[in-house]
Each structure stands twice: as C-alpha cells, then as structure tokens.
Amino acid sequence: MARSEVRVLALVTEAFGGRGGIAQYNRDFLSALAQCERVGEVIVLPRFSSGSVDSMPAGVQQLRPVENRHSYSLAAVWTAITHRPIDFVFCGHLRMAPLAAVISRVLNAPLWLQIHGVDVWHDLSALQHRSVESATMVTSVSRHTKRRLLRWVGIDPARVKVLPNTVESQYQPGPKPGHLVERHAVGGKNVLMTVSRLSRLERYKGHDLVIRTLPRVLKQRPDTVYLIVGDGDDRPRLESLAAECGVAKNVQFTGSVPTEELPDYFRLADVFVMPSVAEGFGIVFLEAMASGVRVIGGNQDGSRDALCDGALGTLVDPGNGDELASAILAALDNPTRTEDRTTRFKPNLFREHLTALYRFFSIQTGGPLWAGPSLRREEMAMAIPNTFRRVNDQQCR
Amino acid sequence: MCGIAGIYAYHYAANAVDRGELRRIRDHMAARGPDGLGEWYSQDERVGFGHRRLTIIDLSERGAQPMMSGDGKLVVTFNGEIYNYRQLRASLEAKGRQFRTQTDTEVLLHLYAEKGEAMVHDLRGMFAFGLWDAEKNALLLARDPYGIKPLYYADDGWTVRFASQVKALLAGGKVSRDPEPAGWVGFCLFGSVPEPFTTYQEIRALPAGSTLWVDRVGAHQTKQYFSIADIYCQAEAASSPANEQEQQLNAREALLDSVRHHLVADVPVGAFLSSGIDSGALVGLMRDAGQREIQTVTVAFEEFRGRMEDEAPIAAEIASRYGTRHATRVVTEQEFHNDLPRILEAMDQPTIDGLNTWFVSKAAREFGLKVAISGLGGDELFGGYPSFRDVPRWVRTLAIPGNLPVLGDLTRWLFTTAFPRSLNPKAAGLLKYGGSYAGAYFLRRGLFMPWELQALIGADTARLGLRRLKPIQHIAAVLKPKPRTSFGRIATLESSMYMRNQLLRDTDWASMAHSLEVRVPLVDNTLLNQFASIAAKNGSQSKRLLASSPRVPLPPKVIERPKTGFTTPIQSWLQRDNRIQEWRRVPSLTADKCAWARRWAFQVSAAAAAA
C-alpha cells in the first residue's frame, strides 16, 4: 500500500543560497517538484551554498552543504538511511550520478537525473555510463544537451526529456537605469553586453569573438561600448586581448555584480551578445529577453533553445566574425526595446511541464508514486509498456 | 501506398509547425505518391500532417489524405493497404458507424474510435500511419506486424517529426544529421541497418509490429504488439493435422486466402515472376482466386542468355501455363550504369541489396502496373535458406567448445593475428559465435566481423556502435520467447532480421522509387498463424506444400530445379564501374578472395556518408 505522500531525496551541487544558472535551475525545479500532486517532502543535500537562505519554499528542506567530495558521499548515504523511506532520488548533476545510482539501487528507489550541458560535452566514464542507463528518466535543459548525452549513452531516447530553464519575474523591460549609466559613463552610447563568469575553464562564451569583431562595429558605430559583466580568472587575458585589438577604451569590465543588481544591468544593454559554443541552455539569454533587450547567440549549442531557433533572437555562426558584426549592427539599427519575449519560458509553464514529467516518471516506475485517482485509466494504458512482453519473456514450453 | 509525414510540436517552448518544413518532407517522397498530395494542420498549428498519394483503392478525391473523422476529433495519414478492410467495415457498419468513402483509410478512423490503440490487432495488411487524437491531445504511430511499410520518427526533445523515409525527414532541414554509430556498425555487420537504429542518431525506426504514443512530454517508449517468435511458440504447442492430405488442404486454403486478400484493389494487380516456386505458385493461386488478366514481369540479362542462370525461359513457361500476359525485360550493363546514381539517391538507408528489385519494379511500371505481387517471404516461411540447415548443425557441433570462456576470443585473436589476410574472417569467429543460435545466425548472415570494423568506419564509431548495438544480444532479442524447434528459431531469425531489415526495406525503396506498390502474400500475419504449425512440423519440406497448392500444378522442372539462389551479372558490372573504386583504400578489401558484397558495402557507406 503506497503512502499518501512521496518523499524525494535531491542530491545537487547547489540550490538555495547558490549562484549561477545551475543553482537557479535547481531552485525552480525543486520548488515546483514540491508542488506536484502527492509530493510531500523534498530533502535537498547541496555541496555548496554560498549565501544565506532566508526562506525555503513549502515542502522543501535543505540540509547543510557538504563541500568535500568524500564527505558528501558519506553524508548522502547517511541522509538516505536516516530519512527513509525515500520514494525516489533526484540527482542534479551528472558528476554525482554514480553516487545517486548507488543510493537509488540500495534504496530500491527510482532515479531521476538532471543534466545541464558541459557535463556531457565529452564521453562519460564507464561508471557514469552505467549510472545514466540506470536512471528511470533523464531531464535535460535543452535539445542540444539531450543530443549530446545520446551521442555517448545507449539509453532509450524516450527516457530523456527536455525541461528548459525558466525566467524570474524581476527581469522586466524598462528604461536604462540612470545610476548605472552614470557609473559606467555610457550616456548616449550603444551598449553591447555579455553576462557570465570569466573563467579560464569556460572560454567558450565568445567574449573573444565579440572583442575581435568590435573594430568592425566601431567603424560604423563609434559610440559603442562592450560591457563585460562578471568576473573571474580569465579577465586579465580578455583585457590584454582588448588592448591588442585596439578597443581597450570601448571594452569595460564591471567586475562581479550582485544578483539583485542584475535586472538593472540587463536594462542597461542595447544588445545582449554571447556567441557561445558550449552553452547547455544559457539562462542569461532569457533574462536579457525578458528585459526587452535584443539578443545574439551562437547557432551550435543550447543557445538555439533559448532563442527558439531564431524566433526570439538572432543566431550566428560563432566562428564567423562577419556574421556577428552584421548581426550586431542590424540590432543597433533597431534601437527600440522589445516586449518581454519570454512568455513561453514563464515559470507557470515550467511548473506545468514538470508536473507532466513527474507523471511520466511515476508511470515509468510502475505507478507506485502515482496511485492518485486523477490519472485516467487510458493514460495509464498509454504509458505502461504492455504486459505482452513481460508475459512472453519466459521461454515457451 | 504513399508517403506520409507529420510534425507535432508537443513541447510548450517549441515553435509552431513550420509548413515549409512539412512540405519539404512530404514532397521529398513525391515518387511514393505521384497521384495526389494533401496537408492538414490543427487549429493551434501545433500539429501538421502531410500525405503523398498513390491511388489504388477508391480512386476518387474522397479518398484523399490526411483524412479527418466526421466529428473532426481524429485525423489520420496512412501508408499501406488494409486487406481485410471490407470485413472490418461491415462489422463497423453493423455497429452503426457511417462511412463517407470506400477507402481502407476511413476504416482506420472508425476502428480507432471504436477500439483505440488495440485496433492494430484487427488489421491484416501492411501499414504505417500517424493518427492524431484531438481529445487526448496525443499522436499515435503504428506499423504493421512484419514491418513491410517503413516509419521513421525523430524526437529532438521539443518536436516529433515522422515520415516514411529517413531522407525525407532530413530534407525538412531541421533534424540533426549527427551519425548513429550503432546504425553504421549494424550496416557493416549485417549489410542493412537494423531497426530501431538508422544511420542518424536522432532518427529512429518505429519497430515492426509496434505502436508509439507521443503526447505533451514527447515520444513514449515503443510498445510491441506482435511477435513472430510468439506465433511459432504457440504453433509448436498446438497440434497440427498429421495426415499429409489434410495438411496440404489446410496449406492451400491458407495460401489461397492470403493471395485473395492481397488482390483487393481498384487497379490491376500484376506479379513479379522468376523461375522459382514462390512467385510461380503465387501466380497460380492468383488464377485460382479468380483473377483473369494477370500481367507478369521477369527480368533477364543478356549475359545469361542460354545459360543455367537465365530465369527467363522457365518464367515464360510458368506464365504460359497460367495464361498471363507476360513480359521479359532485358537489363543491360549500360542501363545499369546509367541508373546507378539514381539508385544510390533512392536508397533511403545504406544497404547492400535492392538492385534487382529496382529493375523489376522499373519494368513493372513500364508495363503499366501500379501494384505487383512478389514471392518475397517464401524462404522464411517455408525454410528455403541454407541457414535452416547450417545454423542448427553449427550450434550442435560448437555448443560445448563455444561455451568455454575465453576460448572463442583466444582463437579469434590467434587466427586474425596469424593470418590477417588469407583466412576468411568468419572462420576466425566460428568458435566465438558458433555455439548459440544468435551467434551462428550472425556468422551465416554477417557481412563483416566486429574486429574488421575499425578499418572501415574508424575506431571510435566502431567502439561506440558495438557498445550500443550489442549485435549478438540484438539478434537474440528476437528469440523471445524462444521457439522449441530449430525450424521455428531460424524462421523467426530470418523473418525478424534479414527479411525485416534487408528484404522488406530494399523492396520498399526500390519499388516506391518507381511509384509501384509491391504486395507480399507470403508475409502475412494471418497466414503465419495458420501455417506456422504445419511448417514447424514439416521443416524445410514444407515448400512442396506451396508448390502443389495451385489447382493447375507448376511445371515439374520448376519444382525439381535445384535452388540456385537469385544471381545476376550485377556484381561484375559493379566491378567494372570505374566510379566504384573507393574500396581500394581499405587493405582488407583488396584481397583477391574478398566477397564483392563487402566492397559494395563500403562503397555504399562512402556514398551515404558523403551525401
């Protein structure tokens, strides 16, 4: 007899109190999951949590972060044991998948694995392979990430679903904030912007290409500034690149910007440009588009999803500077702000889809998580692999 | 017949259906359906269906597709023939259902409304369709039990697209061309791409005898509703008449019933005729089923004139015995060379065969046929292949040494290291694979051995593909449940592997390229149900039951003629074609003894990869 409430163990790198796209995604995901019918409790064990957590959404309990990898594994096992019964395990990062798979096997609880992008750009370890294949369902932030995972792993593609990032309501169109115009002295100027960490390990974002393209843009629009928002150990290299290209005066580094200030920063931009080649999805595109800013992204990775194959923004070949320059100039020629173009990525749609995926997941597990009356009989019949095969799996006599 | 296509933008973030894309997919299949075209879009533009029509039943405009149910809740786009549609229609009408057309397409709509997805169990024929259920907000894809008609789909995570051809999906321009290593490995090992794989990662074949639902979360897992192995298992358990006369009577009835069903059409139905028993007996049975005018077509080659391999004289004798209007079409080397680029273009997925079907279909169309009966499937049903003899023998001999751990790998390694060129690669694998039905079958049918792949497709593709395909397990999977008799096992293997992935696929692309529908009365689930127990009892002797089924018997020389296998001079033509020299780059293919099929396979894959 199934209990009336489902309890979930979520193993994540960071969620509440974390920074960046993955933490944001996990927060959205776990809050929405806790709202799914019959889900009683989501127990979150993060590895990192930099900020303080003021309030948690209903039904979600986040444990203290455990940074050390080995201690984290022990903590995860301990949490699984002490919080039994666990009905399913959610794993928020491919790197943790082997751990999550072991726990899921020991608890005999199905595994829901989330993948983001950079984790599947290269072939996986043998252990990761087996872990992915043991997952009942894998959700991916984009079609691109799904495709890349399936390049390596022989999991049934029907078990890999796409759940894109969503965008929060504080990102909205509006005039350029005066204090920021002043702070960066960009009054009367065209502002190109990229928002990201500047990590030596993440040189795929396309800053280089924008900087190298800048002279061509400046030739026609000399009053243009490229504002690089974010900080990291790759900054010195980008600074010298800007100098090398003779555009040091037109490239500004803002340094690290607090999350609360980001919506204002997006409104400062005329064009958000990030010709990345390895984006899992690129939530910053959504934030820029929600702020009414025109966006330019690369056409070879998850950015295609954020820009909806070009329906919401301009896709360029990230290896082609001419293409990028014309896209920037075309966007600058059309300076009016757009409406918020991210209606199709709003949280309510995210939540609805997560609910549908949760149903699908439950049915895949044979239905113990979802014995609710609201599941119609024919839905059940649609989704359960028919008994035909099971009956016939034995050798006939 | 026809070509079908559809797009369903199921995900909330996906763009609405791109009409241009749907039309590009649909019109890439113009040859499948030159007589008409149609499209349909849901009001919210989230779903679109396309159709190219080859008119065969109800030639009027009312039969146009996609077709919507009277209440507007169901829409179908359908490729194939439902041979029992008149019976189904009668029983649906008896339940008060009103029909607007004379088509089998409309029967699908009513039958679905009546029974839902379980409808597939009632269908006799060859089919692939997409059906939109507006109330459920879901798309149903289904394919016939044997997989006579193709159906491919691609789910990128936001949008599902489906079509009768892989190349059509690509022509739409939005499906990824990332290669699927398992498809390439499968092609090299078997000579055809084993379903559900294609050579593209994102595109999958809906497996034969399966259905698939797509709803707001995308494509669900495919569900198998028919298994050949299962039928042989049941047949072995059931008793069949011991009396030979009674067996003959039952066999004749079952065969005649199948042929009769396969003649349903509003246009003339002709036949391919060779010198063999299968096609000859079918023509005799067409006669018995009451068909007066029969156009038969045989392909002949100038090189074979007056030789043993020439099928034309015996075929002509069969034709005159059954009083058909007979045509012998001579194919020359020049014609072959002229056609080769079009052949490679029409070849939907890489395959090492299909060239003969190309020419016989071309000839049939020249003689005005839209529909032709083929004897395909006879060797699977009646045990005509050497595998029925060899595989059980190998398994008996090698079961014990083959099961000793490491011995197989060790001998394989020794042989391939010691005699890298001179030894037949299959001999090296004898101990490794010969001990099980799946393994021995692989040896019998295999084109390349796994250890040869690296040189052909590169180490990475070979490694990834082998890991994913798991060739021996892949073969063994069709033997679930496992028939008790060796005949049942080989018949299952041949029908579920070679016939499904090679013969039926080749027949589809090669005939559809000429807008010709090929019907295969010996590939029929009802016939299999009726005949499996007799076949299981008689083993490879059961072909004589087919031979003596027509009321007017086949000429004795047809029955007594030793089985030669279908030979053509195409090999030597290919060898002389200076456009086909790519294989010379691969050292293992330059050995004098190298089978031509292996070189041709490499050529085909090079052409496909370049396309």
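Taking θ as phi - 60° and the Karplus parameters 6.51, -1.76 and 1.60, the scalar couplings of the stretch A:335-345 work out to x, 5, 6, 9, 5, 4, 9, 9, 3, 6, 10 Hz in sequence order, x denoting glycine and proline. How many angstrom lie between the Cα centre of the stretch B:336-404 and the Cα centre of the stretch B:183-250? Each part's Cα centre sits 17 Å from the other's.
Cβ crowding within 10 Å ranks A:D119, A:D309, A:D233 as A:D233, A:D309, A:D119, fewest other Cβ atoms first.
In this structure the amide hydrogen of B:A300, modeled in the peptide plane, comes within under 5 Å of the amide hydrogens of B:R329, B:V330, B:V331, none closer than 5 places in sequence on its chain. The alpha-carbon of B:K557 sits under 24 angstrom from the alpha-carbons of these lysines, leaving out residues fewer than 8 places away in its chain: B:K543.
Panel note: the C-alpha atoms of the stretch A:34-109, placed on their principal axes, show extents of 31, 30, 23 Å (largest first). Rounded to the nearest Hz, the phi-derived 3J(HN,Hα) couplings of the stretch B:339-356 under the Karplus curve 6.51 cos²θ - 1.76 cosθ + 1.60 (θ = phi - 60°) are 7, 3, x, 5, 5, 5, 5, 6, 5, 6, 10, x, 7, 9, 9, x, 5, 5, where x marks glycine and proline.
Put simply, the stretch B:228-288 fits an ellipsoid with semi-axes of 27, 15, 12 Å; these come from the alpha carbon gyration tensor as the roots of five times its eigenvalues, largest first.
Note on B:E246, B:E311: ascending count of other Cβ atoms within 10 Å places them as B:E246, B:E311, the fewest first. Near A:S140, the amide H atoms lying under 5 Å from its own belong to A:I115, A:K161, A:V162, A:L163; only residues 5 or more places off or on other chains count, and H is placed 1.01 Å from N. The stretch B:3-225 gives an Rg/Rh value of 0.95, both radii derived from C-alpha positions and Rh following Kirkwood. Calculated mean residue ellipticity, 222 nm, chain A: -11500 deg cm²/dmol, from DSSP H runs (n ≥ 4) at -39500 (n - 2.57) each, averaged per residue and rounded to 500. Across chain B, Cα pairs under 8 Å and at least six residues apart give a relative contact order of 17 percent. Its DSSP H runs of at least 4 residues, each contributing -39,500 (n - 2.57), put the calculated 222 nm mean residue ellipticity of chain B at -12000 deg cm²/dmol, to the nearest 500. For chain A, compute Rh as the Kirkwood radius over C-alpha pairs and then the Stokes-Einstein diffusion coefficient at 20 °C and 1.002 mPa s; write the answer in µm²/s, rounded to an integer. Roughly 95 µm²/s, to the nearest whole number.
Determine, from the Cβ-Cβ distance of B:T590 and B:F304 and an R0 of 45 Å, the FRET efficiency 1/(1 + (r/R0)^6), rounded to the nearest 0.05. Once rounded, the FRET efficiency stands at 0.95.
Taking all Cα pairs closer than 8 Å and separated by 6 or more residues, the relative contact order of the stretch A:1-144 comes to 22 percent.
Between B:L169, A:S240, B:L453, the Cα set farthest toward the positive side of the dipole of the protein assembly as shown (charges on each charged residue's Cβ, about the Cα centre) is that of B:L453.
For the stretch A:178-343, the dipole from Cβ point charges (+1 on Lys and Arg, -1 on Asp and Glu) about the Cα centre works out to 440 debye, to the nearest 20. Ranking B:Y437, B:P587, B:Q65 by how far each Cα lies toward the positive end of the dipole of the protein assembly as shown (charges on Cβ) leaves B:Y437 at the top.
Considering only alpha-carbon pairs that sit under 8 angstrom and 6 or more positions apart, the relative contact order computed for the stretch B:3-225 is 21 percent. GNM on chain A, alpha-carbon springs under 10 angstrom: the most fluctuating residue among A:G178, A:G206, A:G230 is A:G178. Taking every residue in B:211-217 and counting other chain Cβ atoms within 10 Å of its Cβ, the average works out to 5. Counting only other chain Cβ atoms within 10 Å of each residue's Cβ, the peptide B:479-486 averages 3. Across 20 Å bins from 0, what is the distribution of all Cα-Cα pair distances for chain B, in whole percents? The calculated distribution, bin by bin, is 20, 55, 25, 1. Using all pairs of distinct alpha-carbon atoms, the Kirkwood hydrodynamic radius of the protein assembly as shown works out to 31.2 angstrom.
Tell me, rounded to the nearest percent, the portion of alpha carbon pairs in the stretch A:1-136 spaced more than 17 Å apart.
57
With 0.36 nm allotted per residue and the present C-alpha distance subtracted, the B:H121-B:D339 stretch has 74.4 nm of extension available. In this Cβ point-charge picture (+1 for Lys and Arg, -1 for Asp and Glu), the protein assembly as shown has a dipole of about 1900 debye about its Cα centre. Lacking any other cysteine beta-carbon closer than 4.7 Å, the following Cys residues of chain B have no compatible partner: B:C2, B:C188, B:C594.
With each label modelled as a point 7 angstrom along the Cα→C-beta vector, the B:L59-B:R484 pair spans 5.2 nm.
From least to most packed, judged by other beta carbons within 10 angstrom and beginning with the fewest, B:T568, A:T166 follow the order B:T568, A:T166. Within chain B, DSSP assigns beta bridges of which about 75% are antiparallel (rounded to the nearest 5). In the frame of its principal axes, the stretch B:121-237 has Cα extents of 49, 44, 22 Å, reported largest first. Highest average first, the peptides A:71-79, A:332-340 ordered by how many other beta carbon atoms sit within 10 Å of their residues are A:71-79, A:332-340. Applied to the stretch A:278-287, the Karplus parametrisation 6.51 cos²θ - 1.76 cosθ + 1.60 on θ = phi - 60° returns per-residue 3J(HN,Hα) values of 9, 7, x, 9, x, 4, 4, 4, 5, 5 Hz, with x for Gly and Pro. For chain A, lysine pairs separated by 8 or more sequence positions, or belonging to different chains, with Cα-Cα distances below 21 Å total 7. The protection proxy used here, the mean number of other Cβ atoms lying within 10 Å of each residue, ranks peptides B:545-554, A:50-59, B:279-288, A:256-265 as follows, highest first: B:279-288, B:545-554, A:256-265, A:50-59. Among the residues of B:12-22, the average count of other protein chain beta-carbon atoms within 10 Å of the residue beta-carbon is 4.
Each value in this text was obtained by applying a stated rule to the coordinates, not by laboratory testing. In this text the structure is predicted, and so the values were computed from the model without any measurement. Because the Cβ atoms are built from the backbone with ideal geometry, glycine has one as well, and the counts that use them run over all protein chains shown.
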